[in-house]
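Derivation of every value follows stated rules applied to the coordinates shown; laboratory data play no part. Source: prediction; values computed, not measured. Methodologically, a virtual Cβ is constructed for each residue, glycine included, from the backbone with ideal geometry; neighbour enumeration extends over all protein chains shown.
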Amino acid sequence: MKIEINDYALSKNFKKLIFNLIKTANKFSKFNQKKIQVAISFVSKEEIKVLNKEHRKIDKETDVLSFPTLNLKPMEKINIKEYKEDFDPETKHLMLGDIIICEDVAKAHAEEYGHSFEREVCYLIVHGFLHLLGYDHMEEEDKKIMRALEEAVLKKYKITRDF
């Protein structure tokens, strides 16, 4: 598994935690492919607002955006050979997509919800990764499934509201 993170201010331990969260979400989701690649970027309010407007037609900041490379369905078993063109030629990993997080919005949400910035980022990483795998929360039943997975992954690492 290859995780690219554009924020060098994150500690080595926090980056390792992010790697483990994605590894666990990959496993718990039943997608469970070993050679996957995900890019994670931290951006400003201005940058995420532009992306949100361009891609979702919503003219405001948000905490996280996901840009999947593949059109997956939740819990879908895939034939990896069908995705040859989606492998990075250098790393030989299946490119799943990008997770974009707005640090300022994440900080504001952490304060609003009464937990740490790190806990909020962990939640957003898992949430964004599940979107890359086709999970969504538009319908109530889909939301329950996605939330249960998010909580299971976070619970494994004891990432609670008071983390």
From the cross-link list Lys34/Lys92; Lys35/Lys92; Lys23/Lys77; Lys23/Lys92; Lys15/Lys84, which pairs have alpha carbons spaced over 19 Å apart? Lys15/Lys84
Run the simple label-point estimate for Lys144 and Asp86 please: 7 Å along Cα→C-beta, distance reported in nm. 2.8
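Can you classify segment 1-54 as rounded, prolate or oblate using the Cα gyration tensor, where a ≥ b ≥ c are the square roots of its eigenvalues, rounded means a/c under 1.5, and otherwise it's prolate if a/b beats b/c and oblate if not? Mind dumping the intermediate values first?
On the way: a/c = 2.72, a/b = 1.50, b/c = 1.81.
Oblate.
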Residue exposure sequence - Ile48, Ile58, Ile99, Ile3 - by fewest surrounding Cβ within 10 Å: Ile58, Ile3, Ile48, Ile99
Can you give me the C-alpha center-to-center distance between segment 12-27 and segment 50-68, rounded to a whole angstrom? 24
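Taking trypsin sites (Lys or Arg not before Pro) as candidate sites, keep only those in a DSSP loop with at most 13 other Cβ atoms within 10 Å, then name the longest stretch of the chain containing none of them.
Longest site-free region, per DSSP loop and neighbour criteria: 93-157.
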Other-chain or far-sequence residues with amide H under 5 Å of Ile5's (modelled H): Ile40
Where both residues lie in segment 2-156, what percent of DSSP beta bridges are antiparallel, nearest 5? 35
Using a Debye calculation, one point per C-alpha and no hydration shell, please list log10 I(q)/I(0) for the chain at q = 0.09 Å⁻¹ in order. -0.28
With runs of 4+ DSSP H residues as the only contributors, calculate the mean residue ellipticity of the chain at 222 nm using -39,500 (n - 2.57) per run, divided by the residue total and rounded to the nearest 500. -14500 deg cm²/dmol
Label zone at Lys60 (point 7 Å along Cα-to-Cβ), backbone N below 20 Å, segment 92-125: 100-114, 124
Among Ser29, Ser44, Ser116, what is the fewest-to-most ranking by other Cβ atoms within 10 Å? Ser44, Ser116, Ser29
Calculated SAXS-style log₁₀ I(q)/I(0) at q = 0.16, 0.25 Å⁻¹ - segment 50-136, Debye, Cα scatterers: -0.74, -1.19
Under a Cβ-Cβ cut-off of 14 Å, what is the net charge of the residues other than Leu133 that fall near it, where Lys and Arg count +1 and Asp and Glu count -1? -1
For the chain, whose charge dipole is built from +1 on Lys and Arg Cβ atoms and -1 on Asp and Glu Cβ atoms, the candidate among Phe87, Asn71, Leu124 with its Cα farthest towards the positive end is Phe87
Length gained when the stretch Glu118-Lys34 is fully extended (0.36 nm per residue, less Cα-Cα span): 27.7 nm
Computed lengthening from Val50 to Lys15, 0.36 nm per intervening residue step minus Cα-Cα distance: 9.9 nm
